[in-house]
Amino acid sequence: MNPLGRLAPTPSGLLHIGNARSFLLAWLWARGNVLLRIEDIDKPRCKPEYTRAAIDDLVWLSLWETGARSASDGMVIQSERTGIYRRHLHLLHAKGLAYPCTCTRKDIEEASSAPHGDDGPVYPGTCRGKWRDAAHAKAATGREPAWRFLWQGPPVTFVDALAGDVSIDPSSLGDFVLWRRDDLPAYQLAVALDDALQGITQVLRGRDLLHSTARQIALQRALGLPSPSQWAHVPFVQDATGRRMAKRQGDLSIKALREGGCDPRQLTGFLAYSAGLMDMPRMASPAELLGEFDIRKIHRHDFNLTEEHWKSIDG
Ligand code: GLU
Ligand code: ZN
């Protein structure tokens, strides 16, 4: 069976070179068989203008086709799917696997002498079994509760194409948020559901999300849904000083390159080179890179983008 991958931009800013590289690699690994998912559930941070820019960027990079803007074309918009996420939160609650949590960030920091995970302090389970329901939690504390996944059981294992065999114990990450106190679905719930419901079989994304894969597989299992079978968590492109790129650095955005008249093949060829797919940069479209692609060639280390690199892309 052909793998089905996905491109999942978060429109909280303009996409940068690092985002473009992950999308290019995801596209190549799936040999172009990808869906587009706009991950705009974080309403306070996402803007429609960034969604438009992300789509225009992907079209310009030849990773997505012009005019494909509806679900039937393979595009999904998370902010339109809140009802689906909420229904599954209720299902988890009915199974005793979701509970309200009224802890503030400060509460959690103070309560956890426990080791800090990659996403801050590990939640120590303070509210497990504490509240009958959200109304009870709110009446007792005056605070709108978040909802957390009650995560127990054996370690979650999966094979990552770069990291190899991965095994993650629930207690090392803790019960994570499914629904936010500002009444928005949380990233883990939305992504786990969409990957399962869209029949995604292959996920390639940044290395920062390696641990989230365990969370998402655990959620899919709890709901009796399928999980993707192929995973790859790829290194970052960083700036010349080795700092991770952020979406707010507008000057390094794809939009700026696109509007500045850069040839997209210049960029995709360079990105493929920077990831380890070829020895020297040369102009190449995604389709022209298919022959070069081998997941085993991808570097295990981050790439620092220097001023010289930048000039070679931007002309
Ligand atoms: N939307 C996330 C991002 O832009 C990616 C999430 C994922 O690939 O699961 O970083
Ligand atoms: Zn709590």
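Read-outs throughout are calculated quantities, based only on the coordinates presented, and are distinct from any laboratory measurement. This is a predicted model, so every value here is computed, not measured. Cβ placement follows ideal geometry from the backbone for every residue including glycine, while neighbour counts extend to all protein chains displayed.
For the chain, C46, C103, C262 have no disulfide-compatible partner, since no other Cys C-beta lies under 4.7 Å from theirs.
Counting only other residues whose beta carbon sits under 15 Å from that of D107, what net charge do I get with K and R as +1, D and E as -1? Kindly include the intermediate steps, with their values, before the conclusion.
Working: positive: R105, K106, R128, K130, R143, R148, R181; negative: E109, E110, E144, D175.
That sum, taken over residues with Cβ under 15 Å, equals +3.
The dipole here belongs to the chain: it is taken about the Cα centre, uses +1 on the Cβ of Lys and Arg and -1 on the Cβ of Asp and Glu, and is about 920 debye. Exposed loop sites here mean trypsin sites (Lys or Arg not before Pro) with a DSSP loop assignment and at most 12 other beta-carbon atoms within 10 Å; the chain contains its longest site-free run at 133-242. For region 180-315, the calculated P(r) over all alpha carbon pairs, in 5 Å bins from 0 to the bin holding the longest distance, is 2, 9, 15, 17, 16, 15, 12, 9, 4, 1, 0 percent. Placing a label point 7 Å from the Cα of E144 along the Cα-to-Cβ direction, the residues of region 87-102 with a backbone N closer than 15 Å are 101-102. Over 29 Å apart at the Cα level, from the set K106/K255; K43/K311; K106/K130, are K106/K255; K43/K311. Among C127, V34, L209, which residue has its Cα positioned farthest towards the positive end of the charge dipole of the chain, with +1 placed on the Cβ of Lys and Arg, -1 on the Cβ of Asp and Glu, and the dipole taken about the Cα centre? Farthest towards the positive pole: C127.
Summing Lys, Arg as +1 and Asp, Glu as -1, what charge do residues with Cβ under 9 Å from the Cβ of R244 carry, R244 excluded?
Details: positive: R243; negative: D208, D239, D302.
For residues surrounding R244, the net value is -2.
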